[in-house]
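Novice: Pasting a structure here, questions to come.
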Amino acid sequence: MSTLRINVILFGIGNVGSTLINQVLESQQFFLEKRNIDLRFPIITNSTVAFFEKDGIKNQWESNFQSTAFPYSIEDIVDYVQTNNLENLIAVDATASEELIKFYIPLIQNGFSIVAANKKANTLHSDFYKELRRNLQKFDQSFLYETNVGAGLPVVQTINELYLSGEKITKIRGVFSGSLSYIFNRFGNENTAFSSILKEAEKSGYTEPDSREDLSGNDVARKLLILAREIGIQKEFSDVQISSLLLPDLNEENTKAEYASNKQLLDKPYEIAKITQSENHVLRYVGELDVTSQKLEVKLISTPINSALGQLKGADNLIEIYTKSYGEIPIVIQGAGAGKQVTARGVLNDILKIAEKIKLKESVFN
């Protein structure tokens, strides 16, 4: 079988993007030999500049990028791939940018499939959500985003396959945040102040640079919304009921300095929550979708220490999927839900899925 060249246009060369490049370069020969797929990066970009290399970047890509990248527009990228007759195009969004999402539909219309680690496209207003999918169908392109929920864990895929097989999903519940998993797993097992564990989580890189983004519950709410929409529930972000872990006097309205110097205010309410729960219970911050009532909630719960959620360790995610066929016993997906290595590997897996789909199309038409 002839080798299929896949041209990956990478937006974002931060932690996930740069790790993805290195994973591809390490396995390039393997993909050629085992899958007849030749993965190339003819264009890589950060938020302001792009590096163009028709035959794909090599091992010294970082120094080449720094020395020869220049400012670009999306039009420049489309012109470049068309001028150089580059086919089998996959745009990878490894950013957190809302700006780039505006170009998803123009990219699709110009022959690009999309793989996104960026979850914002799937949580914008449902009008955009539907329009994006209309264009994917019209132009016969793919959009994969497994890493939107649970990094490299197969959460979106499993829920999608269950739903499309006609299975009736009744409830989805779980710990969707690696950072909050780490904080509450330690808080349940140690006699350590909540704010001390939070500060250690920040230093270790488990949280966002401003940990209020984690404590607000918004990130968990986005992941829950993505899964709800995956099974046909048309809700908006504003429909998710979020019980923030922040306090009335310590929240997003404070300056960074005020927040940094007053984290100890979190200690008392969470110590009270800890000591007033039933014996052999621990606190977990969960997202929960009740399919029957179509209610989406993000909240702090107390759960038995011997339950699946109660036994969580480290910064693991754990998602329970309840269905009609499986009854009271949920399908459980557990593992590392954050980290550049697992996220990049999840993005790479999505790229390879699209590559296989292109191969199949080519074999049919040839």
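Novice: Could you go through the stretch 126-136 and let me know if any residue there is part of a helix (DSSP H, G or I), at pLDDT below 95 and either open to solvent by 50 Å² or more (accessible area, probe 1.4 Å) or under 19 Å from L4 (Cα atoms) (or both).
Specialist: No: zero hits.
Novice: Quick check on the stretch 227-236: of everything there that is over 18 Å from E167 (Cα atoms) and touching a helix residue (DSSP H, G or I) at 6+ places or on another chain (Cβ under 6 Å), which residue is most open to solvent (accessible area, probe 1.4 Å)?
Specialist: Looking at residues that are over 18 Å from E167 (Cα atoms) and touching a helix residue (DSSP H, G or I) at 6+ places or on another chain (Cβ under 6 Å), I get Q234.
Novice: Just to be sure before I move on: is S243 open to solvent by 50 Å² or more (accessible area, probe 1.4 Å), under 27 Å from G150 (Cα atoms) and small (G, A, S) in the structure I sent?
Specialist: Answer is yes for this residue.
Novice: Please determine whether any residue of the stretch 160-175 is in a loop (DSSP other than H, G, I, E, B), small (G, A, S) and either at pLDDT below 95 or farther than 30 Å from I331 by Cβ (or both).
Specialist: No, there is no match, as no residue in the stretch 160-175 is in a loop (DSSP other than H, G, I, E, B), small (G, A, S) and either at pLDDT below 95 or farther than 30 Å from I331 by Cβ (or both).
Novice: Next question, about the same structure. What are the residue pairs meeting all of these: first residue in the stretch 1-28, first residue open to solvent by 10 Å² or more (accessible area, probe 1.4 Å), second residue in a helix (DSSP H, G or I) and of a type in the set (S, T, Y), Cβ atoms under 6 Å, and 6 or more apart or on different chains?
Specialist: Listed pairs, sorted by first residue: V16/T343.
Novice: Consider G205 against the criteria (1) part of a loop (DSSP other than H, G, I, E, B); (2) within 27 Å of G150 (Cα to Cα); (3) open to solvent by less than 50 Å² (accessible area, probe 1.4 Å): it satisfies all of them except one. Which criterion is unmet?
Specialist: G205 satisfies every listed condition except (3).
Novice: Could I ask something else about it? Under 14 Å from V149 (Cα atoms) and acidic (D, E): does that describe D316?
Specialist: So D316 passes the test.
Novice: Between a first residue in the stretch 128-154 that is under 22 Å from R173 (Cα atoms) and a second residue that is part of a helix (DSSP H, G or I) and at pLDDT below 95, which pairs have beta carbons less than 7 Å apart while being 6 or more apart in sequence or on different chains?
Specialist: T147/T343; A151/V342; A151/T343; G152/V342; G152/T343
Novice: Pick out the one residue from G217, G310, G287 that is within 19 Å of T192 (Cα to Cα), open to solvent by less than 20 Å² (accessible area, probe 1.4 Å) and among the small types (G, A, S).
Specialist: That would be G310, the only listed residue that is within 19 Å of T192 (Cα to Cα), open to solvent by less than 20 Å² (accessible area, probe 1.4 Å) and among the small types (G, A, S).
Novice: Looking at A308 and the list (1) assigned to a loop (DSSP other than H, G, I, E, B); (2) in contact with a Pro (Cβ under 9 Å, 6 or more places away or on another chain); (3) closer than 28 Å to S238 by Cα, which single condition is not satisfied?
Specialist: Condition (3) is where A308 drops out.
Novice: So, G152, is that one at pLDDT below 95, outside any helix (DSSP H, G or I), surrounded by fewer than 22 Cβ atoms within 10 Å (Cβ to Cβ) and small (G, A, S) or not?
Specialist: Answer is yes for this residue.
Novice: What tally of residues in the stretch 352-364 results from selecting those that are under 19 Å from N22 (Cβ atoms) and surrounded by fewer than 22 Cβ atoms within 10 Å (Cβ to Cβ)?
Specialist: 1
Novice: Turning to a different aspect of this structure: Working carefully through the options S302, S325, find the one that is surrounded by fewer than 20 Cβ atoms within 10 Å (Cβ to Cβ) and either in a loop (DSSP other than H, G, I, E, B) or modelled with pLDDT under 95 (or both).
Specialist: From the options S302, S325, the qualifying one is S325.
Novice: Please determine whether any residue of the stretch 265-283 is open to solvent by 30 Å² or more (accessible area, probe 1.4 Å) and under 28 Å from the mean Cα position of the chain (by Cα).
Specialist: No, the stretch 265-283 contains no residue that is open to solvent by 30 Å² or more (accessible area, probe 1.4 Å) and under 28 Å from the mean Cα position of the chain (by Cα).
Novice: Restricting the search to the stretch 53-94, which residues are open to solvent by 40 Å² or more (accessible area, probe 1.4 Å) and either aromatic (F, W, Y) or closer than 22 Å to K340 by Cα (or both)?
Specialist: Within the stretch 53-94, K58, N59, Q60, E62, S63, Q66, F70, Y72, Y80 meet the criteria.
Novice: A further question on this structure: Can you tell which of E253, E271, E328 is more than 30 Å from I233 (Cα to Cα), free of Cβ contacts under 8 Å to residues at least 60 places away in the same chain and charged (D, E, K, R)?
Specialist: Result of the check over E253, E271, E328: E253.
The values are calculated or read from the model by the stated rules, or taken from the named source; none is laboratory data. The structure presented is a predicted model; accordingly, all values stated were derived computationally and were not measured. Positions of Cβ are backbone-derived with ideal geometry, glycine not excepted, and every protein chain shown enters the neighbour counts. With ligands, DNA and RNA removed, areas are computed over all heavy atoms of the protein, side chains included. Shrake-Rupley method; radii C 1.70, N 1.55, O 1.52, S 1.80 Å.
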